[in-house]
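Undergrad: Here it is, the structure, as structure tokens.
Just so you know, all these numbers are worked out from the coordinates, no wet-lab data involved. Just so we're clear, the structure is a prediction, and the values are computed from it rather than from any experiment. When we count neighbours, we look across all protein chains shown, and the Cβ atoms used for this are built from the backbone with ideal geometry, even at glycine.
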Amino acid sequence: MTGRLAGKVAVVTGGASGIGAGTVRRLIADGASVVIADVQGDAAAKLAAESGARCRSIATDVSSEPDVAAAVDLAVAGFGRLDVMFANAGIFGAYGPIEKARMADVDLTWAVDLRGVFLAMKHAARVMIPRGSGVIIATTSPAAVVGGIGNHAYSAAKAGILGLMRSVAAELREHGIRVNAVMPGAVVSAMTADLVLGEASAISRVTEALAKGAPRNRPGLPDDIAAAVSFLVSDDAAFITGHTMVVDGGLTTIGGDSPFAKGKYATPGAFLEAGRRRT
Ligand SMILES: NC(=O)c1ccc[n+]([C@@H]2O[C@H](COP(=O)([O-])OP(=O)(O)OC[C@H]3O[C@@H](n4cnc5c(N)ncnc54)[C@H](O)[C@@H]3O)[C@@H](O)[C@H]2O)c1
């Protein structure tokens, strides 16, 4: 097998759909073997069957410690070891204003989006430390750093991932294990189709919807995130740890509906004039 990830073994949580599925395909194409760990067991099994002998699947709820442990153990038993953990599974989760938040929804959001990533890191470390190598990547979101993009519980979980990632990166560096995050923005997936159109399967329509207003009418695609993950887990990124790679087509550079980017404020020199007038 050739390819920059030839011989490496990965677990991809949330690998049955969207960004995870795109990354499964990319890692396989780059030469890795992959275990898809997803709560949608049937969809995970279907993608594994399509992907050939270097791909297996296991029905996994990432908020369950025995499930996550079993996914890691399947990688070791099936392919000999674990080099890569992509802790990617996530849900948008609790929705609505803070004063009306349903705490059961909030707890579920944190269980999947934060506890699930914590467990993936814990069990990846369990088998990576004895080998003295490995790479862990977690999927965060622009909602971690920009208010108003996600719901409160989701934003908190995705910000929590950044703190967790840096803390674990600091601990595991002496074991030769790198820990990083990817921050995708507005990527075509079941999650965004559900959010934008209220229909998780409306992938072609959400592709059009996300293209509108995006630079060059080009939406973010799972392949964009997969390419970043492929780089971060490769030996080309051997000195990169504790890093958050933003892959959002510039979404977080705009910061929403800024008055400074529009109208009279877009006129060159406008700020100089305002400064002189002290307004
Ligand atoms: N699409 C975007 O624009 C975007 C932006 C920022 C961050 N993200 C993050 O990217 C990740 C992937 O999302 P996506 O957009 O590909 O959505 P998606 O819904 O297409 O994929 C999410 C996958 O996670 C799985 N999953 C959900 N709960 C699970 C659980 N408890 N255990 C195991 N698997 C579970 C789902 O079955 C699904 O296969 C998520 O963490 C999401 O928060 C997405």
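Undergrad: To one decimal place, what orientation-averaged projected area in nm² is obtained for the convex hull of the Cα set of the range 5-68?
TA: Orientation-averaged projected area of the Cα hull: 3.8 nm².
Undergrad: When the Karplus curve 6.51 cos²θ - 1.76 cosθ + 1.60 is applied with θ = phi - 60°, which whole-Hz ³J(HN,Hα) does each residue of the range 210-226 get, with x for Gly and Pro?
TA: Result, ordered by residue: 6, 6, 5, x, 7, x, 6, 6, 10, x, x, 10, x, 4, 5, 6, 4 Hz.
Undergrad: So if R0 is 22 Å, what FRET efficiency would F231 and H175 give, r being the distance between their Cβ atoms, rounded to the nearest 0.05?
TA: My answer for the efficiency is 0.50.
Undergrad: Calculate one ³J(HN,Hα) per residue across the range 185-194 by plugging θ = phi - 60° into the Karplus curve 6.51 cos²θ - 1.76 cosθ + 1.60, and present them in order as whole Hz with x for glycine and proline.
TA: So the J values, rounded to whole Hz, are x, 6, 9, 4, 6, 4, 4, 6, 5, 5.
Undergrad: I need the trypsin sites (Lys or Arg not before Pro) found in the range 19-104, filtered to DSSP loop residues with at most 14 other beta carbons within 10 Å of theirs.
TA: R102
Undergrad: Another one. Where the convex hull is taken over the Cα atoms of the range 102-182, what is its projected area averaged over directions, in nm²?
TA: Over all viewing directions, the range 102-182 projects a mean Cα-hull area of 5.1 nm².
Undergrad: So what does log10 I(q)/I(0) come out to for the chain at q = 0.11 Å⁻¹, using the Debye formula with one equal point on every Cα and no solvent?
TA: -0.62
Undergrad: Another question, then. Whose amide H sits under 5 Å from the amide H of K8, counting only residues 5 or more places off or on another chain, with H placed in the peptide plane?
TA: For K8, the qualifying residues are S33.
Undergrad: Related question: Through the Karplus equation 6.51 cos²θ - 1.76 cosθ + 1.60, θ set to phi - 60°, convert the phi angles of the range 130-140 into ³J(HN,Hα) values in whole Hz; use x for Gly and Pro.
TA: Each residue's phi maps through the Karplus curve to give x, 8, x, 7, x, 9, 10, 10, 10, 9, 9 Hz.
Undergrad: Over the chain, what relative contact order in percent results from Cα pairs under 8 Å that are six or more residues apart? Kindly include the intermediate steps, with their values, before the conclusion.
TA: Values: 547 pairs, mean separation 47.2, N = 279.
About 17 percent, as a whole number.
Undergrad: Report, by chain and number, residues whose modeled amide H sits under 5 Å from the one on A101, excluding near sequence neighbours (fewer than 5 apart, same chain).
TA: Placed amide hydrogens put nothing under 5 Å from A101.
Undergrad: Then there's this: Name the long-range amide H neighbours of L221: under 5 Å, sequence gap of 5 or more, or other chain; modelled H, no Pro or chain starts.
TA: V188
Undergrad: Could you give P(r) for the range 133-252, binned at 5 Å from zero, as whole percent values over all Cα-Cα pairs?
TA: Binned Cα distances yield the sequence 2, 12, 19, 20, 19, 13, 9, 4, 2, 0.
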